[in-house]
Ligand code: NBP
């Protein structure tokens with residue numbers, strides 16, 4: 001019998017995805033540039049299901065039933081193009097190349113258009129959940145045509161994570177929609193991690209808790225509205241002791257955060273779309289700052305407060321305020337992320353269902369959380385919601401948290417502890433709800449130095465004031 005699906009690229013992600021497919025009863029053709037990886041998979045896990053190992057590209061293609069479903073799990077970028085160039089000439093009309101790597105959505109759009117010309121479906125699929133997710137059920141964000149999804153979707157839904165019996169996989173939209181949404185997922189993941197980092201830093205620096213005590217706080221928070229995979233692992237990491245030194249593990253890890261680029265892609269794309277994603281941007285900048293040893297070394301002697309930790313009842317009260325600040329900031333960063341998805345969907349005519357994105361992120365992926373059910377509910381109530389902050393439930397919660405949130409940001413500023421995520425989220429909240437913004441002054445300045453014109457609040461039209469002459473106002477439209 002022929003294989004229903006094939007995987008080429010059998011490093012950790014491809015191998016685990018192939019095993020996941022086989023464990024679900026699919027016959028899986030296997031291929032890897034270096035044959036040793038294919039042999040190793042069959043030797044180690046061959047008894048988990050039906051694998052068809054192949055060595056050459058032609059053998060691999062021949063092993064697949066029609067229409068062919070060919071999953072590519074190689075390094076993103078040039079290797080993906082190389083693999084497409086190798087396989088595309090061997091395929092027939094209606095066959096599918098499925099890219100499960102972390103491709104940039106613009107590359108996916110380019111590849112999809114090129115392959116469509118040749119009658120081959122190119123399906124860019126965002127996959128989140130790391131190696132563990134690939135094996136046991138990731139969150140899967142497929143783009144590509146509806147026709148390709150009809151032939152592929154049921155398999156992806158089958159092997160995805162499930163929450164309440166529902167799959168964490170759904171057709172996101174045409175061409176690059178899946179990889180775009182995966183990119184925003186990673187951006188939100190950056191923002192979540194930054195906010196968690198700030199909460200931890202404040203609990204240590206301001207409240208005076210030690211890592212084990214902070215771990216207990218996170219464990220408690222994980223039983224409430226903040227419950228999520230990232231809060232859970234934070235508790236575990238903070239409770240861990242370094243076996244070599246006996247010190248808290250977090251204290252022996254170098255404080256220079258690295259990144260593979262999807263957060264940066266999110267921010268660059270958001271800038272192009274004109275969508276403020278300050279939570280994600282601050283998180284990306286915070287990682288860059290942390291790794292810039294030259295900059296940090298040069299600034300180390302700069303003046304600032306030398307605070308004594310709060311301690312006692314004040315520390316306990318502050319801890320509760322930090323929970324509120326973290327929750328409110330999280331709502332803001334998700335609101336920004338969803339606005340970015342809406343902007344991308346509009347720009348590229350993807351027709352993305354915002355509630356469906358929330359639904360498939362409830363399980364399998366890094367930002368999985370009970371919270372996402374709430375976002376789904378908000379969009380179910382009002383699919384045209386302009387911002388999550390306008391949803392009655394979120395508005396009520398953030399309103400209840402805002403006083404504590406302000407206390408935390410003010411305390412951080414007073415004690416000299418950087419909290420860019422909390423502060424930027426609060427600034428966004430206050431700017432959105434402001435009656436008037438200083439943008440009026442910005443417009444006046446632009447008109448002054450560049451005759452860029454302005455609109456008035458009291459009547460229609462476009463105006464310019466002759467600043468350098470008599471300061472008379474002229475209508476220019
Ligand atoms: P890697 O990203 O490390 O890629 C290794 C694979 O690419 C190997 O199979 C290798 O073949 C193949 N490859 C390369 Br490199 N250049 C090639 C070429 N020119 N032609 C053919 N094959 C080539 O693997 P990974 O960590 O399993 O990730 C796979 C994809 O999944 C990536 O796009 C990654 O960004 C994405 N992803 C990873 C994670 C994660 O947690 N790791 C999560 C989500 C998505 P070889 O064996 O012959 O060298």
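Some observations on this one:
- Rounded, prolate or oblate (a/c below 1.5 giving rounded, otherwise prolate when a/b exceeds b/c) for the range 194-267 by Cα gyration tensor: oblate
- With respect to the chain, whose longest principal axis is taken over its alpha-carbon atoms, helix 229-239 is tilted by about 80°.
- In terms of surrounding Cβ atoms within a 10 Å radius of their Cβ, 467, 405, 361, 350 rank from fewest to most as 467, 350, 405, 361.
- Between 0 and 90 degrees, the angle of helix 312-348 with respect to the longest Cα principal axis of the chain falls at about 60 degrees.
- Pairwise alpha-carbon distances in the range 294-361 exceed 14 Å for 76% of all pairs.
- Using equal-weight Cα scatterers in the Debye expression, the normalised intensity of the range 202-324 in log10 at q = 0.13, 0.17, 0.22 Å⁻¹ is -0.77, -1.21, -1.30.
- Which of 326, 271 has the fewest Cβ neighbours within 10 Å, and the rest in rising order: 271, 326
- Rounded, prolate or oblate (a/c below 1.5 giving rounded, otherwise prolate when a/b exceeds b/c) for the range 142-201 by Cα gyration tensor: oblate
- Overall Cα dimensions of the chain - principal axes, largest extent first, Å: 78, 69, 47
- Normalised by 2.2 N^0.38 Å, with N the number of residues, the alpha-carbon radius of gyration of the range 238-299 equals 1.50.
- All-pairs Cα distance distribution in the range 120-239, expressed in whole percent, bin size 5 Å: 2, 11, 16, 17, 15, 12, 9, 8, 5, 3, 1, 0
- Pairwise centroid distance, computed over Cα atoms, of the range 426-445 with the range 178-243, Å: 32
- Using only alpha carbons, the range 53-203 has a radius of gyration to Kirkwood radius ratio (Rg to Rh) of 1.03.
- Shape call, the range 362-477: gyration tensor on alpha carbons, a/c limit 1.5: prolate
Only the coordinates and a few stated rules stand behind these numbers; no lab work does. Just so it is clear, the model here is predicted, and its values are computed rather than measured. FYI the Cβ positions are ideal-geometry reconstructions off the backbone, even for glycines, and counts take in every protein chain you see.
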